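Q: Here it is: the structure, laid out below.
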Amino acid sequence: MKNIKIFPCPTAEEFTKEICKTLNLPVGKVENYKFANDNNFIQYKESVREQEVYLVQTTKPPVNERIIELLIMIDAAKRASAKKINVVLPYYIYSRSDKKDQPRVPVTARLVAEILEAAGASRVITCDLHNSAIQAYFNIPCDRITGQHLLQEYFETKGIEDKVVVATDAGSSKKAYKYSKYFGCPMALIDKRRAGNDDKAVAANIIGNIKDQTALIFDDEVSTAGTMVEAARILKEHGAKEIYAACTHGILCGPAIERIQNSPIKELVITNTVPLEKEKQIPKIKVLSIAPLFAEAIKRVNEAKPLGDLFEFDK
Ligand code: R5P
């Protein structure tokens, strides 16, 4: 690997360290602080001139602050003559605001893409987008890697018998189908209806057989855990033997931890695309590191090698 420097945004130090450790590279030196007037300041403490720069950012709340930090990092790299500015976003900021599905609402995921590009980003590497169309919001390369293989391998090593993959709604049925195909097991579908714009999920019925089976539920993200926990409750009511849940992005905000703790979910498996604070780390939650996969993506971009097998494709 050559002419490469990897820098963390302020909340991404852990994830960046893991990437750099995998690649056997030093973490780039950058200073950042806030002035008394709440303005942000950053300064690279080493030259980025003609370098391929990677800026890693998390979505640790407050996420709006994370956006401005990233924009300022991009701007500073651009003005310091970086050759390429690659943004590494393990979880794409505002990915759920991806379409104008009601009158007078924004498409903030698109807005984020536009401001990253306007600031000077030349590539974005992200993971399991809520809507794959977000990739097309960019006019620069946007690589979408997936946590799917990591989750699959984890469940494979558990050697669970009588599995059934359950989709929490019609929208996730395609994904559930892919997992069930991989495991060579049946799938079922929960007919879930969401009411209004709030975070409350309403689930209703099951299509398929889950009685005395071990249900595996996969989703792209678990946010307030309303969807997962409601799905688990219904599965338990309908006679599922055990319930495992998994997702790439464990956002786990609001009542999520309490809900998971008190739910029939035996284990929730997530990746570390979103940092999980200490107080949220409970025995029921297993975190798999996806940093080595990001490291591999960075290596391949730097060496101009294909990334295809790291991506999620809708075959
Ligand atoms: C929705 O479309 C997503 O795939 C997840 O189901 C959703 O983000 C989960 O949200 P919550 O955990 O708040 O129910």
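Q: Restricting to the range 125-172, count the residues that are modelled with pLDDT under 90 and either small (Gly, Ala, Ser) or open to solvent by less than 10 Å² (accessible area, probe 1.4 Å) (or both).
A: Counting residues in the range 125-172 that are modelled with pLDDT under 90 and either small (Gly, Ala, Ser) or open to solvent by less than 10 Å² (accessible area, probe 1.4 Å) (or both) gives 6.
Q: Shifting gears a bit: Restricting to the range 268-286, name every residue that is surrounded by 17 or more Cβ atoms within 10 Å (Cβ to Cβ) and either without any contact (Cβ under 8 Å) to a residue 12 or more places away in the chain or over 15 Å from residue 91 (Cα atoms) (or both).
A: Hits for the range 268-286 are 268, 269, 285.
Q: While we're looking at this one, here's another question. Considering only residues of the range 185-210 that are more than 16 Å from the ligand (Cβ to nearest atom) and open to solvent by 70 Å² or more (accessible area, probe 1.4 Å), which is modelled with the highest pLDDT?
A: 186
Q: Which residues, counting only those in the range 144-167, are touching a Phe, Trp or Tyr at 6+ places or on another chain (Cβ under 7 Å) and not in a helix (DSSP H, G or I)?
A: 144, 145, 146, 163, 165
Q: Using beta carbons and a limit of 7 Å, which pairs, at least six apart or on different chains, have the first residue in the range 211-237 and in a strand (DSSP E or B) and near the ligand (Cβ under 6 Å from one of its atoms) and the second one open to solvent by 30 Å² or more (accessible area, probe 1.4 Å) and not hydrophobic (A, V, I, L, M, F, W, C)?
A: 220/130; 221/130
Q: Given the conditions (1) more than 18 Å from the chain's Cα centre (by Cα); (2) on the phi < 0 side of the Ramachandran plot; (3) surrounded by 15 or more Cβ atoms within 10 Å (Cβ to Cβ), report the number of the one that residue 90 does not fulfil.
A: Result: residue 90 fails condition (1) only.
The values are calculated or read from the model by the stated rules, or taken from the named source; none is laboratory data. Owing to the predicted nature of the structure, the values given are computational and were not obtained by experimental measurement. In this analysis, Cβ positions are derived from the backbone assuming ideal geometry, glycine residues included, and neighbour counts consider all displayed protein chains. Only protein heavy atoms, including side chains, enter the accessible area calculation; ligands, DNA and RNA are left aside. Shrake-Rupley method; radii C 1.70, N 1.55, O 1.52, S 1.80 Å.
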